[in-house]
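The structure appears right after this line, and notes come after that.
Each reported figure results from applying straightforward, stated rules to the coordinates on display, with no laboratory input. This is a predicted model, so every value here is computed, not measured. Positions of Cβ are backbone-derived with ideal geometry, glycine not excepted, and every protein chain shown enters the neighbour counts.
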Ligand SMILES: *[C@@H]1O[C@H](CO)[C@@H](O)[C@H](O)[C@H]1NC(C)=O
Ligand SMILES: *[C@@H]1O[C@H](CO)[C@@H](O)[C@H](O)[C@H]1NC(C)=O
Ligand SMILES: *[C@@H]1O[C@H](CO)[C@@H](O)[C@H](O)[C@H]1NC(C)=O
Ligand SMILES: *[C@@H]1O[C@H](CO)[C@@H](O)[C@H](O)[C@H]1NC(C)=O
């Protein structure tokens, strides 16, 4: 056997094993969890009763929104949206207690106390870096953002970092009031940006400020990109039609996604069809150059996420999840990422009853796209029925056979020579390992 034949055999056997393990096809969907109302993992039934009796837990105020997944554990946010009371925790992990699915406060109960500015006040979104197992949580710092009685502005907005291996808080950064307003911000979604093999920046949308905030983990400084033209609702986008009913959501910049090469950030407003991109060089340097309309989505959307090759987003008026095959459009149009137009939009999954309001997306390391479908149009019009048998919130996973934009980022963004030498050494080790395996296997076969 010559060298090439040996390698080929090895790759073939790997591909076959993969196919045997995954009988799944692209687009196969599973409902993982569903709830009419949420329940927490309480210290005891007595404590739960006390919380219900004194109004500290009200089932009709608790709805899941954000989702991220790490090593098959699901982390969810419960935003303190419509009320300043009745939502005891804002960040949870899904656990099985006996045969029941419960939401366990993450990392613990003490970290959820309203008014304690070390604790989480209002969490909508988080990002998990699969390379380190760290979760970056954005905390609005406010309580009851859309409460009829008005919001309580008790704490500054912040980014809190948890190590998911130890469940410890490893860092916390307050935003200064002149960057993120303590009494009027709606930090909505977050992505991470890698430079030289490390997480260097976070980009965070602020629905109320029509801004994208930048946080530099190196210098611990923060600044904002505000662009009214691209970051607010559009005149024809504020009404979202869902199953024939009109819902008004004239809200600003919200869903956000990072290109897998870390060159462009993509964003869209809730009340808008337009998808924009801005170069990360602009965000990193505090400028405003290069904002570009990429194209119009087929519907308004809430969350979005880039895998290692495609952009996934909800289609609110179609009760569907779609994706943009950017590589195909670049080939078809013969244009690079900085000039290509959003054209090829493909529906991944759809269900008019069960997939209403595709809120937030997550991509795990096993090839699944996860999302929450939570009927927010009903919650925000006071028409969600928490007493009937209707399912209000669902969590889905769809097989896409792709990983997230963050997969392998340390190696891909490490441009220094030490990194290259390290990478080179690794591939030589890999080569020897493949050779060894193949020879070993063929010896076994001839036994
Ligand atoms: C997943 O993608 C890899 C290539 O990246 C391919 O070899 C494999 O067959 C795919 N698996 C499935 C189940 O589609
Ligand atoms: C409600 O009861 C719980 C459990 O005893 C307690 O921790 C909480 O502070 C009470 N909340 C109010 C608003 O009294
Ligand atoms: C619903 O909104 C559309 C615009 O999106 C408008 O043309 C239509 O008249 C509205 N229908 C109702 C019943 O308000
Ligand atoms: C909620 O659903 C139940 C049973 O499906 C029904 O009896 C009740 O009237 C509904 N409540 C509202 C406010 O629609």
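Worth a mention:
- Mean-position separation - Cα centroids, the stretch 55-93 and the stretch 311-365, in angstrom: 27
- Burial ordering of 280, 166, 36, fewest other beta-carbon atoms within 10 Å first: 166, 36, 280
- In the chain, Cα pairs under 8 Å separated by at least six residues give a relative contact order of 14 percent.
- Counting only DSSP H runs of at least 4 residues, each contributing -39500 (n - 2.57), and dividing by the residue count of the chain, the helix-based mean residue ellipticity at 222 nm comes to -5500 deg cm²/dmol.
- Helix axis angle, 417-446 relative to the chain longest principal axis, alpha carbon, degrees: 60
- Computed lengthening from residue 25 to residue 412, 0.36 nm per intervening residue step minus Cα-Cα distance: 136.5 nm
- Dimensionless Rg over Rh [the stretch 325-424; C-alpha; Kirkwood]: 1.14
- Simple spin-label estimate for residue 390 and residue 309 gives 4.0 nm between the two label positions (7 Å along the Cα-to-Cβ direction from each Cα).
- Model label zone, residue 341; criterion: amide N under 16 Å from point 7 Å along Cα-to-beta-carbon; scope the stretch 258-288: 274-277
- Shape category assigned to the stretch 34-102 from the gyration tensor of Cα positions, a/c cut at 1.5: oblate
- Tensor-based shape of the stretch 38-185 (alpha-carbon gyration tensor, a/c under 1.5 rounded, otherwise prolate or oblate): oblate
- Taking every DSSP beta bridge that has both ends in the stretch 38-185, the antiparallel portion is near 95%.
- The DSSP beta bridges internal to the stretch 179-263 are antiparallel in roughly 100% of cases.
- Neighbour counting of Cβ atoms within 10 Å sorts the residues 80, 310, fewest neighbours leading, into 310, 80.
- Seen through its C-alpha gyration tensor, with square-root eigenvalues sorted a ≥ b ≥ c, the stretch 353-397 comes out prolate because a/c lies at 1.5 or above while a/b is bigger than b/c.
- For the pair the stretch 97-136 and the stretch 201-231, the centres of their Cα atoms are 23 angstrom apart.
- Neighbour-count order for 312, 173, fewest beta carbons within 10 angstrom listed first: 173, 312
- Helix axis angle, 3-21 relative to the chain longest principal axis, alpha carbon, degrees: 30
- Backbone N within the stretch 355-390 under 18 Å of label point (7 Å from residue 39 Cα along the Cβ vector): 386-390
- Across every pair of non-identical alpha carbons in the chain, the mean reciprocal distance, once inverted, gives a Kirkwood radius of 23.1 Å.
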